[in-house]
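This report concerns only the one structure given below.
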Amino acid sequence: MRSVLAAGLMGIGGIFVSFGAVVAVIELFSKRNAWSVQLPTMTSLALGAVIIGGVMFVAGYLLSRVGRNSDRSAPRTA
(Lines give C-alpha, C1' and ligand atoms only; values in the text may rest on other atoms or scores of the structure.)
Protein backbone atom coordinates (compact mmCIF):
# COMPACT_ATOMS: atom_id res chain seq x y z
CA MET A 1 0.00 0.00 0.00
CA ARG A 2 2.79 2.40 0.87
CA SER A 3 4.58 1.77 -2.42
CA VAL A 4 1.43 2.61 -4.39
CA LEU A 5 1.06 5.88 -2.49
CA ALA A 6 4.75 6.71 -3.00
CA ALA A 7 4.54 5.97 -6.72
CA GLY A 8 1.38 8.04 -7.02
CA LEU A 9 2.93 11.00 -5.23
CA MET A 10 6.04 10.83 -7.38
CA GLY A 11 3.99 10.53 -10.58
CA ILE A 12 1.65 13.40 -9.83
CA GLY A 13 4.57 15.48 -8.55
CA GLY A 14 6.43 14.88 -11.80
CA ILE A 15 3.37 15.94 -13.77
CA PHE A 16 3.12 19.18 -11.79
CA VAL A 17 6.83 19.93 -12.27
CA SER A 18 6.53 19.27 -16.00
CA PHE A 19 3.45 21.47 -16.25
CA GLY A 20 5.25 24.28 -14.42
CA ALA A 21 8.22 23.97 -16.75
CA VAL A 22 5.98 24.13 -19.83
CA VAL A 23 4.22 27.23 -18.50
CA ALA A 24 7.61 28.83 -17.80
CA VAL A 25 8.73 28.16 -21.40
CA ILE A 26 5.47 29.57 -22.78
CA GLU A 27 5.96 32.60 -20.56
CA LEU A 28 9.49 33.04 -21.85
CA PHE A 29 8.33 33.06 -25.47
CA SER A 30 5.26 35.25 -24.86
CA LYS A 31 7.09 38.26 -23.47
CA ARG A 32 7.03 40.01 -26.84
CA ASN A 33 3.45 39.53 -27.95
CA ALA A 34 -0.02 40.54 -26.78
CA TRP A 35 0.00 38.08 -23.87
CA SER A 36 2.42 40.24 -21.87
CA VAL A 37 -0.50 41.32 -19.66
CA GLN A 38 -0.76 37.75 -18.33
CA LEU A 39 2.91 37.38 -17.37
CA PRO A 40 2.46 37.82 -13.60
CA THR A 41 -0.29 35.19 -13.58
CA MET A 42 1.79 32.80 -15.66
CA THR A 43 4.81 33.34 -13.41
CA SER A 44 2.86 32.58 -10.25
CA LEU A 45 1.24 29.54 -11.86
CA ALA A 46 4.56 28.13 -13.03
CA LEU A 47 6.26 28.74 -9.70
CA GLY A 48 3.37 27.26 -7.73
CA ALA A 49 3.20 24.16 -9.91
CA VAL A 50 6.95 23.56 -9.66
CA ILE A 51 6.96 24.00 -5.87
CA ILE A 52 3.91 21.81 -5.24
CA GLY A 53 5.17 19.17 -7.67
CA GLY A 54 8.62 19.20 -6.11
CA VAL A 55 7.18 18.77 -2.61
CA MET A 56 4.98 15.90 -3.76
CA PHE A 57 7.85 14.21 -5.60
CA VAL A 58 10.19 14.48 -2.61
CA ALA A 59 7.47 13.23 -0.26
CA GLY A 60 6.88 10.21 -2.49
CA TYR A 61 10.60 9.51 -2.74
CA LEU A 62 11.09 9.72 1.01
CA LEU A 63 8.03 7.56 1.62
CA SER A 64 9.42 4.89 -0.69
CA ARG A 65 12.77 4.96 1.14
CA VAL A 66 11.33 4.56 4.66
CA GLY A 67 12.09 1.13 6.03
CA ARG A 68 13.61 -0.25 2.87
CA ASN A 69 17.07 -1.26 4.17
CA SER A 70 16.32 -1.75 7.82
CA ASP A 71 17.68 -4.97 9.35
CA ARG A 72 15.64 -4.41 12.50
CA SER A 73 12.31 -4.31 10.66
CA ALA A 74 12.21 -8.01 9.78
CA PRO A 75 13.74 -10.51 12.22
CA ARG A 76 15.62 -13.36 10.59
CA THR A 77 14.42 -16.89 11.25
CA ALA A 78 17.13 -19.38 10.43
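The values are calculated or read from the model by the stated rules, or taken from the named source; none is laboratory data. Keep in mind it's a predicted model, so treat the numbers as computed, not measured. Because the Cβ atoms are built from the backbone with ideal geometry, glycine has one as well, and the counts that use them run over all protein chains shown.
Taking into account only those residues within the range 54-78 that are among the small types (Gly, Ala, Ser) and surrounded by 13 or more Cβ atoms within 10 Å (Cβ to Cβ), which is modelled with the lowest pLDDT?
Just the residues of the range 54-78 that are among the small types (Gly, Ala, Ser), to begin with: 54, 59-60, 64, 67, 70, 73-74, 78.
This time we only want the ones that are surrounded by 13 or more Cβ atoms within 10 Å (Cβ to Cβ), so: 54, 59-60, 64.
Working: Gly54: 95, Ala59: 93, Gly60: 92, Ser64: 89.
In this case the residue turns out to be Ser64.
If you check Ile51 against the conditions, is it at pLDDT 90 or above and not charged (D, E, K, R)?
Working: at pLDDT 90 or above: yes; not charged (D, E, K, R): yes.
Yes: the conditions hold for Ile51.
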